[in-house]
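Participant: Before I ask anything, here is the structure I am working with.
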Number of protein chains: 2
Amino acid sequence: MTDTNEIAVVPKIADLTCLGLSKEENNLLIKAAMKKSLSTVEGMNSVMLTTLSPNVRKRVETLQEIQAVHDGLVSAYRVELAALEAKYDSLYAPLYTKRYEIINGISEVDGIVPEEADPPVKGIPEFWMNALCSNDMLSCEINDDDKEVLKYVKDIKCSKLEDANGFKLEFYFDTNPFFSNSVLSKLYFMTDDEDEHTLEKATGTVINWFPGKNILKAPNVREVERSDYEETSDDDDEDSFFQFFNPPEVPTDISELDDHKAANLQNIMERDLDIGFTIKEKIITKAILWFTGEAMDDDLYLDLGDSDTESSDGEEVENGHDEKAPAAGEV
Amino acid sequence: MTDTNEIAVVPKIADLTCLGLSKEENNLLIKAAMKKSLSTVEGMNSVMLTTLSPNVRKRVETLQEIQAVHDGLVSAYRVELAALEAKYDSLYAPLYTKRYEIINGISEVDGIVPEEADPPVKGIPEFWMNALCSNDMLSCEINDDDKEVLKYVKDIKCSKLEDANGFKLEFYFDTNPFFSNSVLSKLYFMTDDEDEHTLEKATGTVINWFPGKNILKAPNVREVERSDYEETSDDDDEDSFFQFFNPPEVPTDISELDDHKAANLQNIMERDLDIGFTIKEKIITKAILWFTGEAMDDDLYLDLGDSDTESSDGEEVENGHDEKAPAAGEV
């Protein structure tokens, strides 16, 4: 592909804009297509092309130009999608604030009656603990000790990472006898190569347990297990939800792991991402329905998983939670 | 929740619209919230609510109203998202048409030189077969016999189902010595309960093989195997890609299956959906990059799967390809 060919891409985009793009969208698109066009030139598999006859190669090159226009459109779509999501996030935000205020007794609802209890019950006690426990995936992670700690959750929030692709979950805690942190965060760093969204790593807040209050039993043994990526059983009642804030580190060179360890790391990371997405997309978005039990019906189906999972060894955990992202990453 | 409370939802929505909704969006939102509000009333878990003190119950009811507004916003988001997707689908369409014409020699590109071959090579021979085979997941499904048949593919298209949730893949074939069909279709029917997108069933075109030309070896044995949901090995060289058009039927009453059979059915359906999504979201969207081998780098990561997969027995295959849909369906 030559400079002439790259320039030839732009008029094609201009033609397309008559289909309904604004001037601003048009500019975005041209920029994106030009960038794509250049990267296509760099990435071109010249060996493949030299085996083709000159005429077929010309046709292939034209298809590559068309692909560049296509990819520019995909980029423009992503820009528009992000704007749409931001718009709705800003519409959801005041609802979540209102919910927070009611749950924690910061604002009161109409029609409250005099209570026998003294002091009167404030807000909705143990709201988040009950919401979390009514989800079956999460309840598998929550033992009785965890429940005592989770009673102090005031709010759970999700936000996009500011300087990276991914999202952050924040658990806001009331003053409690277990640890000094007021917020426990879990960050999911995702790759974004425009096609695949894969989990690169997850990090969590180090919990400052008060002396004798650490509910993570035998933490040293557990650390070793996790660092070796040994499988942990779901019904091991020693599992604590608070391990969620201590996800496994992914080695810089994944190829150093043997197949078994790589598979176990994968399982742990998949499960971890499952939990993160469940909190992000189910619990936070409809906490009251989990609290009342109304949301349980949504989950009556057994987890048959996503079309993205098939093989089991590997380097990165992929997620398919992007409607426009391709489905599977395979070797 | 009373009629009065339901009506009280509407002004809250009206307040929100000042954040940037058009009048049309506003109307959609009010409709959606009213509908949601009613369904919340019906679905309310009254047993749960009676265990709460009257004041806490009032707070819970207010959160349910807020949830109804939230769900109305989610519905409005989905309407906008569908419009955005439709807009871009219409922008992609002429590019796919142009690609089709070049691949099949219907339109010619600039700069074609006189050729030695007589007759001259038309379009890009074996384009789709090569594109499909350069994807590792698909190449596992494609045996040597399949390749001979796939050389006749003229185009692969994807469209939304018209009267159901889901999508349709269409393989357009040139006249060929193997079967009389000009199009082989595969339909994926997905549930849409607004939260989860799960695969309900998949159906495919019955292939009208010419006598002696059926490349599906020992089809009777294979049929029995599949109907029993026996596991099939990926490296079984008798596997044919064309089984893709003959997906397993899901029994009306899934509970009749024992765990082993249910798990195997799940595996087959997951794999089937994986393949469908790979064709839909990778092959069709960037066929030329697969043909040249440029797209292979995208797939260097081992398939660590999606966060949606964990357990293995079950009733429906879930997909997480909706960015706004919750992640996992679990028991």
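Participant: Out of B:Asp259, B:Asp235, B:Asp313, report the one residue that is at pLDDT 50 or above, over 21 Å from B:Cys158 (Cα atoms), assigned by TED's automatic domain parsing to the domain that holds B:Asn165 and surrounded by fewer than 21 Cβ atoms within 10 Å (Cβ to Cβ).
Facilitator: Answer to the selection: B:Asp259.
Participant: Determine which single condition B:Asn246 fails, assuming it passes every other condition in (1) modelled with pLDDT of 90 or more; (2) facing chain A (nearest Cβ under 9 Å).
Facilitator: Every listed condition holds for B:Asn246 apart from (2).
Participant: Got a sec? Which of B:Ile102, B:Ile124, B:Ile106 is over 22 Å from A:Thr285 (Cβ atoms), more than 10 Å from chain A (Cβ to nearest Cβ) and at pLDDT 95 or above?
Facilitator: B:Ile106
Participant: Name, by its number, the condition in (1) closer than 24 Å to B:Glu294 by Cβ; (2) outside the structural domain of B:Phe291 (by TED's automatic domain parsing) that does not hold for B:Cys158.
Facilitator: Going through the list (1) closer than 24 Å to B:Glu294 by Cβ; (2) outside the structural domain of B:Phe291 (by TED's automatic domain parsing), B:Cys158 breaks only (2).
Participant: Only one of these conditions is not met by B:Asn208: (1) within 30 Å of B:Gly72 (Cβ to Cβ); (2) of a type in the set (S, T, N, Q); (3) at pLDDT 90 or above. Which number is it?
Facilitator: For B:Asn208, the failing item is (1).
Participant: Going residue by residue through segment A:90-102, is there one that turns out to be small (Gly, Ala, Ser), over 22 Å from B:Leu63 (Cβ atoms) and assigned to a helix (DSSP H, G or I)?
Facilitator: no
Participant: Need the failing condition index for A:Asp155 against (1) assigned to a helix (DSSP H, G or I); (2) more than 10 Å from chain B (Cβ to nearest Cβ); (3) crowded, with 21+ Cβ neighbours inside 10 Å, just the number.
Facilitator: Going through (1) assigned to a helix (DSSP H, G or I); (2) more than 10 Å from chain B (Cβ to nearest Cβ); (3) crowded, with 21+ Cβ neighbours inside 10 Å one by one, A:Asp155 breaks only (1).
Participant: Still on this structure, I have one more. Could you say whether any residue in segment A:220-228 is under 18 Å from the mean Cα position of the chain (by Cα), assigned to a loop (DSSP other than H, G, I, E, B) and at pLDDT below 95?
Facilitator: no
Participant: Considering (1) of a type in the set (A, V, I, L, M, F, W, C); (2) more than 7 Å from chain A (Cβ to nearest Cβ); (3) closer than 22 Å to A:Gln64 by Cα, say which one B:Ala82 fails and leave the rest.
Facilitator: In the conditions (1) of a type in the set (A, V, I, L, M, F, W, C); (2) more than 7 Å from chain A (Cβ to nearest Cβ); (3) closer than 22 Å to A:Gln64 by Cα, B:Ala82 misses (3) alone.
Participant: Could you tell me whether B:Thr292 is facing chain A (nearest Cβ under 10 Å), in contact with a Pro (Cβ under 8 Å, 6 or more places away or on another chain) and at pLDDT 50 or above?
Facilitator: Spelling it out, it is not the case that B:Thr292 is facing chain A (nearest Cβ under 10 Å), in contact with a Pro (Cβ under 8 Å, 6 or more places away or on another chain) and at pLDDT 50 or above.
Participant: Another question about this same structure. Go through (1) hydrophobic (A, V, I, L, M, F, W, C); (2) touching a residue at least 24 places away in the same chain (Cβ under 8 Å); (3) in contact with a Leu (Cβ under 8 Å, 6 or more places away or on another chain); (4) facing chain B (nearest Cβ under 7 Å) for A:Leu91 and report which single condition fails.
Facilitator: (2)
Participant: Return the pairs, sorted by first residue and then second, in which the second residue is buried (at least 20 other Cβ atoms within 10 Å of the Cβ) and of a type in the set (Lys, Arg), the first residue lies in segment A:167-191 and is under 11 Å from A:Lys157 (Cβ atoms), the beta carbons are less than 6 Å apart, and the residues are 6+ apart or on different chains.
Facilitator: These pairs meet every condition: A:Leu169/A:Lys186.
Participant: Another question, then. Taking into account only those residues within segment B:240-296 that are in a helix (DSSP H, G or I) and among the acidic types (Asp, Glu), which is farthest from B:Met190 (Cα to Cα)?
Facilitator: B:Glu294
The values are calculated or read from the model by the stated rules, or taken from the named source; none is laboratory data. Please read all numbers here as calculations on a predicted model, not as lab measurements. Don't worry about glycine lacking a Cβ; one is built from the backbone with ideal geometry, like all the others, and counts go over all protein chains shown.
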